[in-house]
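K.L.:
This structure is in structure tokens; I'll ask about it shortly.
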């Protein structure tokens, strides 16, 4: 996977976002039959018969922005002084937050710290998806 591809959510999380109502314009899409490749939206318009198979694939930042705008959940990652990455989710309406290194029951099966920023971002997106599903 190259640097550009790493900036976009994986197929599974893109599909989960779509199920939650994410319908924003994206630079790339993925299709169900080929979930690991990114397709340029403008190139793929030549195949309208596959529209129902398309999954918009947002940038990580685009997904974080969507959760904030649509669900008042502000997620981000940060590096501590031991160079471990953690994620934080702020519940904007309530002024409360959770972090990956919190010792609460809901987070027991998750790592406290992550080795890379990308790992922490993905874990944060997965937790945001879980929180929104629980609200529905």
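K.L.:
Calculate for the chain the 222 nm mean residue ellipticity that helices alone would give, adding -39,500 (n - 2.57) per DSSP H run of length 4 or more and normalising by residue count, nearest 500 deg cm²/dmol. Can you show the working numbers first?
P.N.:
Numbers: 5 runs with 48 residues, N = 136.
-10000 deg cm²/dmol, from helical runs alone.
K.L.:
Just rank 98, 86, fewest to most, by other beta-carbon atoms within 10 angstrom. Don't jump to the answer; show the numbers that get you there.
P.N.:
On the way: 98 17, 86 20.
With the fewest neighbours first, 98, 86 line up as 98, 86.
K.L.:
How long are the semi-axes of the ellipsoid equivalent to the range 64-135, from square roots of 5 times the Cα gyration tensor eigenvalues, in whole Å, largest first?
P.N.:
Working: eigenvalues 76, 35, 25 Å².
Sorted largest first and rounded, they come to 20, 13, 11 Å.
K.L.:
Here's another thing I want to ask about it. Using only Cα atoms, tell me the angle between helix 60-71 and the longest principal axis of the chain; keep it within 0 to 90° and round to the nearest 10.
P.N.:
Rounded to the nearest ten degrees, it is 70.
K.L.:
Quick one: compute the contact order of the range 64-135, relative version, from alpha carbon pairs under 8 angstrom and 6+ residues apart, as a percent.
P.N.:
Reported relative contact order: 29 percent.
K.L.:
Continuing with the same structure: Could you give the angle, 0 to 90 degrees to the nearest 10, between helix 117-135's Cα long axis and the longest principal axis of the Cα atoms of the chain?
P.N.:
That helix lies at roughly 90 degrees to the long axis.
K.L.:
What would the Debye formula give as log10 I(q)/I(0) at q = 0.09, 0.11, 0.12, 0.19 Å⁻¹ for the alpha-carbon point model of the chain, no solvent?
P.N.:
Log10 I(q)/I(0), no solvent term: -0.29, -0.43, -0.50, -1.11.
K.L.:
Quick one: order 116, 88 by neighbouring beta-carbon count within 10 Å, fewest to most. Walk me through the numbers before you get to the answer.
P.N.:
Values: 116 11, 88 17.
Fewest-to-most ranking of 116, 88: 116, 88.
K.L.:
How far apart, in nm, are the 7 Å Cα→Cβ label points at residue 117 and residue 133?
P.N.:
Reported label-point gap for residue 117 and residue 133 is 2.8 nm.
K.L.:
With contacts defined as alpha carbon pairs under 8 Å and 6 or more residues apart, what's the relative contact order of the chain in percent?
P.N.:
On the way: 178 pairs, mean separation 28.3, N = 136.
This gives 21 percent for the chain.
K.L.:
Give me 92, 132, 77 sorted ascending by neighbouring Cβ count inside 10 Å, so fewest comes first. Mind showing how you got there, number by number?
P.N.:
Working: 92 14, 132 18, 77 21.
So the ranking, lowest neighbour count to highest, is 92, 132, 77.
Computed from the coordinates by the stated procedures, all read-outs in this text should not be read as laboratory data. Note that the coordinates shown come from a computational prediction; the quantities given were computed from them, not determined experimentally. Because the Cβ atoms are built from the backbone with ideal geometry, glycine has one as well, and the counts that use them run over all protein chains shown.
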